1. Measuring from label point to label point, each 7 Å out along Cα→Cβ, what is the Phe224 to Glu332 span in nm?
2. Among the DSSP beta bridges whose two residues both lie in segment 105-197, what percent are antiparallel, rounded to the nearest 5?
3. Between Asp179 and Ile448, what is the label-point separation in nm under the 7 Å Cα-to-beta-carbon projection?
4. Order 349-355, 309-315 from most to least packed using the mean count of other Cβ atoms within 10 Å.
5. Tally Lys and Arg at +1 and Asp and Glu at -1 over the other residues with C-beta under 10 Å from the C-beta of Glu332: what net charge comes out?
6. Post the alpha-carbon centroid distance, segment 355-376 to segment 91-146, in whole angstrom.
7. Apply 1/(1 + (r/R0)^6) to the Cβ-Cβ distance of Arg231 and Lys64, taking R0 = 35 Å, and write down the FRET efficiency to the nearest 0.05.
8. Cut-off under 19 Å on the C-alpha distance; same-chain residues fewer than 8 positions from Lys91 excluded. Which lysines are left, in chain and number order?
Amino acid sequence: PFAPSPLFFSAPPLSVFLLLSTSFSLFHTSISAKMRVAIEGCAHGALDEIYTSLAETERETGKKIDLLISCGDFQAVRNTGDLECLSCPPKYRSMNSFYKYYSGEKVAPVLTLFIGGNHEAANHLRELYHGGWVAPNIYFLGYAGVVNINGVRIAGLSGIFNARHFFRGHYEKPPYSNDTVRSAYHIREFEVFKLLQITSPIDIFLSHDWPNEVVHHGDEQALFRRKPFFRDEAMRNELGSPPAWKLLTVLKPSLWFSAHLHVKYAAVVEHGEEHAEVRVEQTSDGSMSESREEGEKEKGGKGEKKAVTRFLALDKCLPRRHFLQVIEVGKECEEGAMPKLEYDAEWLAILKATHHLTPTSSAEVRMPHGGSGQRYDYTQSEEEVEEVRKAFSHDMTIPSNFTPTAIVQSSSNVRATVQMCTIGPEQNNQTLALAHRLSLPSILGVSIVESSSEGGNGGGGHGVGEQEERVADRNGGQTVASANEEEIDLDI
């Protein structure tokens with residue numbers, strides 16, 4: 001029988017919001033002091049409440065939280081127009097509190113890193129395809145990305161899996177239709193393909209939906225007693241994402257955190273002696289199937305330690321819900337200093353090498369594979385990674401170059417003036433600066449606009465005032481609420 005890992009259990013309540021705050025150490029070293037990281041499930045825009053919970057944790061424990069990581073549904077909504085780009089039932093659409101951090105009315109008290117889920121302002125995150133600051137001290141990891149924070153290597157994949165769009169390109173852009181506002185948050189094979197090129201170890205991996213087979217590596221019967229409607233999907237291996245499971249089995253990160261299903265669930269995946277390669281294919285009816293090819297046996301004899309991935313899914317931010325977990329990893333932050341956020345050189349080398357494969361068509365586009373006659377191995381040599389380091393003068397620090405790119409809303413100005421999806425800049429200057437360093441000619445099919453400054457105005461040539469004039473009354477782009485089979489009941 002499954003024995004729950006003590007890493008993720010037995011924590012007393014700390015506040016009305018925070019019910020889970022167990023610390024554990026990822027790296028066993030002689031140094032006891034480490035960076036304290038709070039992992040959060042579905043944020044749903046409740047930044048004020050989440051930061052209040054962190055402050056309560058610090059008061060209760062007497063220890064500072066250095067980093068907050070959110071596993072999606074962050075809802076970086078800047079103004080009322082962004083709400084029209086949020087795939088969400090109208091009754092749940094709310095400005096919440098992110099706009100206060102975007103406008104500068106408030107500043108995030110702790111470095112915050114997040115991935116996207118299936119309830120996001122798609123127009124906003126599209127500006128930052130490769131990642132970037134959405135507000136001071138709040139960083140989006142990108143559609144897929146890897147960063148280093150105080151020596152901890154963190155990778156992530158934004159969005160959720162949907163078989164219908166997995167092999168398509170990133171064709172969605174504002175103004176969104178009722179269909180594209182949903183498909184915009186579906187993961188693509190291209191993002192998974194890039195992540196599979198990683199060869200250096202990953203410490204923490206983030207996804208919004210669960211890897212589909214991870215449910216079988218925890219106390220699934222206890223889960224089904226709490227959520228009986230999960231049983232059938234789990235038995236069909238459809239409770240989650242097959243591509244995420246492939247990433248878990250190939251990359252073997254030490255820790256994996258997810259959200260989406262609004263329940264806390266822990267599992268331990270031991271990467272066994274026989275590693276079966278999982279291939280995801282689309283069937284004639286549009287559904288997905290998995291095939292397994294037995295790979296080389298891993299060394300797992302006596303005295304040889306097998307790789308293990310510890311998985312934890314967290315709930316949404318509500319009272320009496322298990323939505324927060326505190327862990328201790330990496331190196332201790334210097335007193336009074338923020339954790340150091342850095343680009344990952346291997347990841348940037350992969351971005352550069354695979355850029356020409358970026359799909360932007362709504363048609364099916366398959367990534368190269370063995371037998372396709374095309375290059376399919378884009379793993380990077382140390383020489384190629386070193387070329388990236390040289391392009392950054394061996395300083396991989398991510399610059400603090402945030403500036404607003406959309407109409408700024410504030411608590412004293414919550415006028416609902418923008419009824420349609422905000423048509424923001426095609427290129428954010430943070431994205432332009434990174435593309436310039438990597439010599440990328442375009443982003444999502446849009447040619448790079450020359451930018452002479454590292455920070456720029458953040459708007460790719462379009463200032464906030466200009467954008468306000470460009471917000472058009474486009475009835476064809478207005479989103480209309482209808483039944484969505486991917487919707488997780490926010491009241492559950």
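1. That separation, rounded to one decimal, is 4.7 nm.
2. Values: 9 of 13 bridges.
Antiparallel bridges: around 70 percent, rounded to the nearest 5.
3. 3.4
4. Going from most to least packed, we get 309-315, 349-355.
5. Result for the local shell: -1.
6. Rounded to whole Å, the Cα centres lie 30 Å apart.
7. Working: r = 42 Å, r/R0 = 1.19.
Taking R0 as 35 Å, the efficiency between Arg231 and Lys64 is 0.25.
8. Those lysines meeting the cut-off are Lys316.
Quick note: the coordinates plus some simple rules give every number you see, no bench work behind them. Owing to the predicted nature of the structure, the values given are computational and were not obtained by experimental measurement. Here the Cβ is made from the backbone with ideal geometry for all residues, glycine too, and neighbour counts use every protein chain on show.
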